[in-house]
Amino acid sequence: MVIMQLIKYFILFLILVSSTLIGKFLSKKYVYRLEELEDIKNALNILKTKIKFTYEPIPEVFEEISQNVNKNVGSIFTLAKEEMKEKQASEAWELAVDKTECNLKKEDKKIIKTLSKLLGQTDVEGQISQIEITEEFLEGQIKEAEEERKKNEKLYTRLGTVLGLAIVIILC
């Protein structure tokens, strides 16, 4: 009889812990989105500098950027570089943004894809101005992501714990 009670309490404890961890996991997507947006902004800054001062080919610049940013953002640049073997830079960039699995929202991806309009198709100044426009739009998305993170990170963490407690209470 005592063993059955111990098993019951152990299972209830596991339910509470797992629901809390699920809440934490769900809250992390807001943190990851913010980090990815900031990484993309930093990557675009590197791209702008490289285009302005080094005149390196875009695939080489993308390769260097992919090695210096987080995995998800780096995969956008890696995939774009690979796609440029067969497609123009603008088309390759859009394809890479669409194909990459990351924590970005549709609006974020849409803004990032605006970079493709002039990428590799105009002079240096045209490309730099397009990057700067994209950076400005990204800044707005970063602010929105920060607000969402502040609001929802605690919410999901606490919600997971409260739901776990509710289930435990019901099962007791």
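The values are calculated or read from the model by the stated rules, or taken from the named source; none is laboratory data. Just so it is clear, the model here is predicted, and its values are computed rather than measured. We place every Cβ from the backbone using ideal geometry, glycine too, and count neighbours over all the protein chains shown.
Quick test of your reading of the structure: GLN130 fulfils all but one of (1) closer than 20 Å to GLU64 by Cβ; (2) touching a Gly at 6+ places or on another chain (Cβ under 7 Å). Name the failing condition by number.
(2)
Can you list residue pairs whose Cβ atoms sit under 7 Å apart, with the first residue in the stretch 62-84 being free of Cβ contacts under 8 Å to residues at least 24 places away in the same chain and the second being in a helix (DSSP H, G or I) and acidic (Asp, Glu)? Count only pairs 6 or more apart in sequence or on different chains.
LYS81/GLU63
Does GLU132 fit the bill of being in a helix (DSSP H, G or I) and either in contact with a Pro (Cβ under 6 Å, 6 or more places away or on another chain) or modelled with pLDDT under 90 (or both)?
It is true that GLU132 is in a helix (DSSP H, G or I) and either in contact with a Pro (Cβ under 6 Å, 6 or more places away or on another chain) or modelled with pLDDT under 90 (or both).
Kindly indicate which of GLU60, GLU101, GLU36 is among the charged types (D, E, K, R) and crowded, with 17+ Cβ neighbours inside 10 Å.
Just one listed residue meets the conditions, GLU36.
Name every residue in the stretch 65-81 that is touching a helix residue (DSSP H, G or I) at 6+ places or on another chain (Cβ under 8 Å) and surrounded by fewer than 16 Cβ atoms within 10 Å (Cβ to Cβ), in order of residue number.
GLN67, ASN68
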